[in-house]
Amino acid sequence: MSVVLDTVRADARIRVGSTDQRKIVFRTGVLGSLLGSIAIAAVIVAPNAAAGPPDAARLAGCDFGREVSTYDHAHDLDGYFERVLDRSTGAFHAEFTESRDALAAAMRQAEVRSTAENITCGVVSGDFLSADVLVTLTQIRSNANAPEPQRLNMAINVRLTNVWGRWLVHELDSPLLK
């Protein structure tokens with residue numbers, strides 16, 4: 001009888017042990033599947049979440065379009081150059097800095113004035129490091145040869161770079177500049 005009891009006890013221990021092992025294997029499988037699903041979802045969603053630049057890039061493009069298009073030969077021309085340079089970097093910043101004196105002299109001689117209205121901006125492409133923004137505006141300008149203000153509808157493509165959290169223009173392109 002003792003042999004039978006020992007056999008039944010051993011058999012019960014094997015069954016209990018294998019049931020616990022099955023539960024562990026099952027739980028590990030469920031956990032692995034859950035983690036795998038989360039990883040796949042992250043890979044699928046992450047590129048879409050980072051596909052577009054933040055709204056700050058669009059706003060910086062609009063701000064730059066307003067600043068580069070608003071100037072007055074008789075009022076704070078140095079401030080105009082500082083505002084444009086403060087909003088730029090790279091090649092544009094270097095070229096604008098280099099031509100600043102000649103451009104200021106020409107602006108004073110021609111007695112130019114300009115303001116910007118109806119500014120709209122939209123992101124063409126980009127990510128969290130760089131963005132292309134299309135700026136459309138109406139520029140109202142006058143000079144010594146045409147003292148009556150003239151309206152000019154413009155489209156400017158500005159390429160911005162995120163420099164330590166600030167969106168700065170590194171390239172400006174417009175059909176009117178060609």
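The values are calculated or read from the model by the stated rules, or taken from the named source; none is laboratory data. Because the structure is predicted, anything quoted here is derived from the model rather than measured. Cβ sites come from the backbone with ideal geometry, for glycine too, and all protein chains shown count toward neighbours. Calculation scope for accessible area: heavy atoms of the full protein, side chains included, ligands and nucleic acids excluded. Shrake-Rupley method; radii C 1.70, N 1.55, O 1.52, S 1.80 Å.
Restricting attention to region 110-148, the residues being open to solvent by 30 Å² or more (accessible area, probe 1.4 Å), free of Cβ contacts under 8 Å to residues at least 12 places away in the same chain and not acidic (D, E) number 2. Taken over region 78-89, the criterion of being closer than 12 Å to L168 by Cβ, touching a residue at least 12 places away in the same chain (Cβ under 8 Å) and out of contact with any Ser or Thr (no Cβ under 7 Å at 6 or more places or on another chain) is satisfied by V84, R87, S88.
Each row is one residue, and each column tells you yes or no for (1) at pLDDT 95 or above; (2) surrounded by 16 or more Cβ atoms within 10 Å (Cβ to Cβ); (3) part of a strand (DSSP E or B).
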| site | (1), (2), (3) |
| --- | --- |
| A60 | yes, yes, no |
| D63 | yes, yes, no |
| A74 | no, no, no |
| Y80 | yes, yes, no |
| V84 | yes, yes, no |
| E95 | yes, no, no |
